[in-house]
1. Treat the count of other C-beta atoms within 10 Å as a stand-in for reagent exposure and order 30, 175 from fewest to most.
2. Say each of residue 119 and residue 157 gets a label point 7 Å from the Cα, pointing the same way as Cα to Cβ; how far apart are those two points in nm?
3. Using alpha-carbon pairs under 8 Å, 6+ residues apart, how would you state the relative contact order of segment 72-117 in percent?
4. Multiply the residue gap between residue 2 and residue 16 by 0.36 nm, knock off their C-alpha separation, and tell me the result in nm, one decimal place.
5. Using a Förster radius of 41 Å, what is the FRET efficiency between residue 127 and residue 173 based on their Cβ-Cβ separation? Nearest 0.05, please.
6. Arranged from highest to lowest average of other beta-carbon atoms within 10 Å per residue, in what order do the peptides 89-97, 75-83, 153-161, 14-22 appear?
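Please treat every number below as a calculation from the coordinates, not as lab data. Keep in mind it's a predicted model, so treat the numbers as computed, not measured. Quick reminder, even Gly has a Cβ in these numbers, built from the backbone with ideal geometry, and neighbours come from all protein chains shown.
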């Protein structure tokens, strides 16, 4: 054990002779700033763009059924479809209330080729519906852009924050 102790002492003294506290703090600061900047690096999403294009082509076959996850207005939905839970694709079921805060998406209508702005509202007040779960993330933005992200319980603004299902409401045509 004495051999290990003497080696460790020599190593520690050598490092202490070659460096100062100030340089050690400078290096620590560089590491901390560098790790804080990692989330700001760009993310390559080109592979997801090809998958989204393929998914939108496949979705056009079932794009008229509001009970299907492939309904064209559901391009950015995440949750249980209210159309399967006693409501419609744009209205909450009885006994639930729409959350006043929402996330938005832009969906392409395959029938007219136009893009539409869609507001996704969580219906709150009852326990989860449990039917017709749908999770589509076309054109979803990372979590730092909250209004375009569907991974949040938007019922947190309601007095009863129990999530039941989600609806999609057309806000209008997207302008190019």
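1. Least to most surrounded, the residues fall as 175, 30.
2. With each label placed 7 Å out from Cα toward Cβ, I get 0.9 nm.
3. 37
4. Length difference between fully extended and current span is 3.0 nm.
5. My answer for the efficiency is 0.70.
6. In descending order of packing, they fall as 75-83, 89-97, 153-161, 14-22.
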